[in-house]
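Visitor: Before I ask anything, let me first share the structure, which is written out below as structure tokens.
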Amino acid sequence: MTTPHLLQQGGRVSRALRRVALPTAAVLLTCSACTNSTPSGNSAPPAAASSGAASLRDPLFPGLGNGGYDVSHYVLTLAYQPEANTLKATAVITARATQALSSFNLDLHGLSVRNTTVNERVARTERRGDELVVTPSAPVGRGQEFTTAVSYDGLPATIEGEDGSIEGWMETDDGAVGLGEPTGSTAWFPGNHHPSDKASYDITITVPAELKAISNGTLKRRTEEGGLATYAWKNPEPMPSYAATVAVGVFDISETTTGGLPVYVATDPDEADKAQDMPSLIGEMTAWSVSRFGPYPFASTGAIVDHFPELDYALETQTKPYFQKAPGDGLVLHEIAHQWFGNSVTPRSWKDMWLNEGFATYAEWLWEEEQGGESARETFDAFYSGTHPESKGIWDFPPADPPDAGHVSDPPVYGRGALALHKVREAVGDNTFFSILKTWAERHRHKNADTSQFIKLCEEMSAKDLRGLFDAWLFGEGKPPNAPA
Ligand code: TRP
Ligand code: ZN
């Protein structure tokens, strides 16, 4: 078997994001001042409320996310008008306060906020760049569950990186798509936009009835009224906000099953000829991944195959990866593997991106090996020696330590991350390695995890000291010597 699909991924792995999410210095100052005002001495009331932090201080995206609360559920109700490219929406966010809150922040890029309530009482809001500061009429007590409803509208923004790749809200020839990695979801709904705060989602979209609106999860109902169609999608399992999507346009729908699991594929008619085998491929690859990585983490699998030539990447949007055109087999497998590695087991910070991309890339090698193509060892050798087309640039930095936000989707995170996994496999043997993959997916199912937890698991399950291996392959600068395990 040849590997033409591997060549198609050039666009994806060459993405270079140079954009850093940006709280203004003023916001940071205001906030550290607030967090310092915790009660001290006997005179202060025990639960003096303070502002939630304006960011989670992610090492690569310091402006993203917010502190002081933990979101459990989003109800997004969106109406989209394709001619004007406008959204009119409400977001109802259920969260639990992790501190007594006098105010808290949501991340939101652009759009106009019309009205905000907290527990159904009007709250004051203030925009500071990509932050929405919400001050409830009364403080929220620590540990209390509270509901914030934000009404907003406007032209959702397309966010452009310096390399010209785009995310956020994007118009296509027959509609639009919202894509969120790493920051694009801030362009279409307010929230805690950091992978460490996952939540369940109900996403309802109203569009002109001649179009369809596809999102993550299960379609609960479609209603039609006055020339408009409303699609209600349900996601009871946690989802990182960057894996949320809405695709509006003309789509053919295929609904099948694989091993009892629903397979929902939406295909743009412009790609229908080339994407004919998608439903069976998604079914087959999901079933194969189950055999390798353990139980499928969500209630359905599928894909969105759009026609959007201006986009240069696919994305593992939860339950339905988004493809900007009919994809090659390797890329499909890659995005399916992300349902376990990325969407179910989600990195705690963007630094640990290799836990997504290294795993999804290695899953491609495994699939290839089991299809009777190149063995994973042969692919390893082609990467190590530099003959593989995707191996360019893989030694530029250590995969577990990208230098900045502009490099989270660079070749070391993908290729060298996969090389590290292959070294683990050779060090611990196939049986232990494959049970490590399953245990990793099972232990952190629907949660967050980090690199140190993966290293610990490998050492625990193999009863080996693997520090040297990980130091060399995940953390070391430059090309490590390729000594046998
Ligand atoms: N995660 C996508 C994939 O697997 C690629 C991608 C798109 C990406 N946008 C990104 C990776 C931003 C890191 C950051 O194919
Ligand atoms: Zn990927």
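Visitor: Residues that are over 17 Å from Ala79 (Cα atoms), in contact (Cβ under 8 Å) with a residue 24 or more places away in the chain and either crowded, with 24+ Cβ neighbours inside 10 Å or among the basic types (Lys, Arg) (or both): does region 252-259 have at least one?
Guide: No, region 252-259 contains no residue that is over 17 Å from Ala79 (Cα atoms), in contact (Cβ under 8 Å) with a residue 24 or more places away in the chain and either crowded, with 24+ Cβ neighbours inside 10 Å or among the basic types (Lys, Arg) (or both).
Visitor: Considering (1) crowded, with 24+ Cβ neighbours inside 10 Å; (2) more than 13 Å from ligand 2 (Cβ to nearest atom); (3) in a loop (DSSP other than H, G, I, E, B), say which one Ile304 fails and leave the rest.
Guide: So the condition that Ile304 fails would be (3).
Visitor: Here are some residues: Pro295, Pro279, Pro309. Which one is more than 14 Å from Glu335 (Cβ to Cβ) and either within 16 Å of ligand 2 (Cβ to nearest atom) or not in a loop (DSSP other than H, G, I, E, B) (or both)?
Guide: Answer to the check: Pro279.
Visitor: If you take the residues of region 315-338 that are polar (S, T, N, Q) and more than 11 Å from ligand 1 (Cβ to nearest atom), which of them is nearest to the chain's Cα centre (by Cα)? Walk me through it before giving the result.
Guide: Start the filter on region 315-338 by keeping residues that are polar (S, T, N, Q), which leaves 317-319, 324.
Restricting the remaining residues to those that are more than 11 Å from ligand 1 (Cβ to nearest atom) gives 318-319.
On the way: Gln318: 8, Thr319: 12 Å.
This residue is Gln318.
Visitor: List, please: which pairs have Cβ atoms under 6 Å, are six or more places apart or on different chains, and start with a residue in region 227-243 that is part of a strand (DSSP E or B) and end with one that is within 16 Å of ligand 2 (Cβ to nearest atom)?
Guide: As it stands, the answer is Met239/Gln318, since those pairs meet every condition given.
Visitor: Collect the residues in region 339-390 that are more than 16 Å from ligand 2 (Cβ to nearest atom), farther than 22 Å from Lys479 by Cβ and free of Cβ contacts under 8 Å to residues at least 60 places away in the same chain, keeping them in residue-number order.
Guide: Within region 339-390, just Glu369 meets the criteria.
Visitor: Still on this model: Yes or no: His73 part of a loop (DSSP other than H, G, I, E, B), under 22 Å from Ser215 (Cα atoms) and not hydrophobic (A, V, I, L, M, F, W, C)?
Guide: Against the criterion (part of a loop (DSSP other than H, G, I, E, B), under 22 Å from Ser215 (Cα atoms) and not hydrophobic (A, V, I, L, M, F, W, C)), His73 does not qualify.
Visitor: Among the listed residues Asp277, Asp329, Asp352, Asp273, identify the single one that is in contact with a Ser or Thr (Cβ under 7 Å, 6 or more places away or on another chain) and at pLDDT 95 or above. Break it down into steps so the answer makes sense when it comes.
Guide: On the way: Asp277 fails: in contact with a Ser or Thr (Cβ under 7 Å, 6 or more places away or on another chain); Asp329 fails: in contact with a Ser or Thr (Cβ under 7 Å, 6 or more places away or on another chain); Asp273 fails: in contact with a Ser or Thr (Cβ under 7 Å, 6 or more places away or on another chain).
After applying the criteria, what remains is Asp352.
Visitor: Which of the residues spanning region 69-115 are surrounded by fewer than 17 Cβ atoms within 10 Å (Cβ to Cβ) and on the phi > 0 side of the Ramachandran plot?
Guide: Result: Asn85, single match.
Visitor: Still on this model: I'd like to check which helices (runs of 4 or more DSSP H) are fully inside region 366-485 and have at least 3 residues that are in contact with an Asp or Glu (Cβ under 8 Å, 6 or more places away or on another chain).
Guide: 376-385
Visitor: Scan region 396-436 residue by residue and report those that are within 16 Å of ligand 2 (Cβ to nearest atom) and more than 20 Å from the chain's Cα centre (by Cα).
Guide: Arg416, Leu419, Ala420, Leu421
Visitor: Within region 193-231, work out how many residues are buried (at least 22 other Cβ atoms within 10 Å of the Cβ), of a type in the set (Val, Ile, Thr) and closer than 15 Å to Gln318 by Cα.
Guide: Summing the residues that are buried (at least 22 other Cβ atoms within 10 Å of the Cβ), of a type in the set (Val, Ile, Thr) and closer than 15 Å to Gln318 by Cα in region 193-231 gives 2.
Visitor: In addition: Here is a check on your reading of the model: is Val408 buried (at least 16 other Cβ atoms within 10 Å of the Cβ) and closer than 29 Å to Asn235 by Cβ?
Guide: Considered against the rule, which asks whether it is buried (at least 16 other Cβ atoms within 10 Å of the Cβ) and closer than 29 Å to Asn235 by Cβ, Val408 comes out as yes.
The values are calculated or read from the model by the stated rules, or taken from the named source; none is laboratory data. Not measured: the values here are computed from a predicted model. Virtual Cβ from ideal backbone geometry, glycine too; neighbours counted across all protein chains shown.
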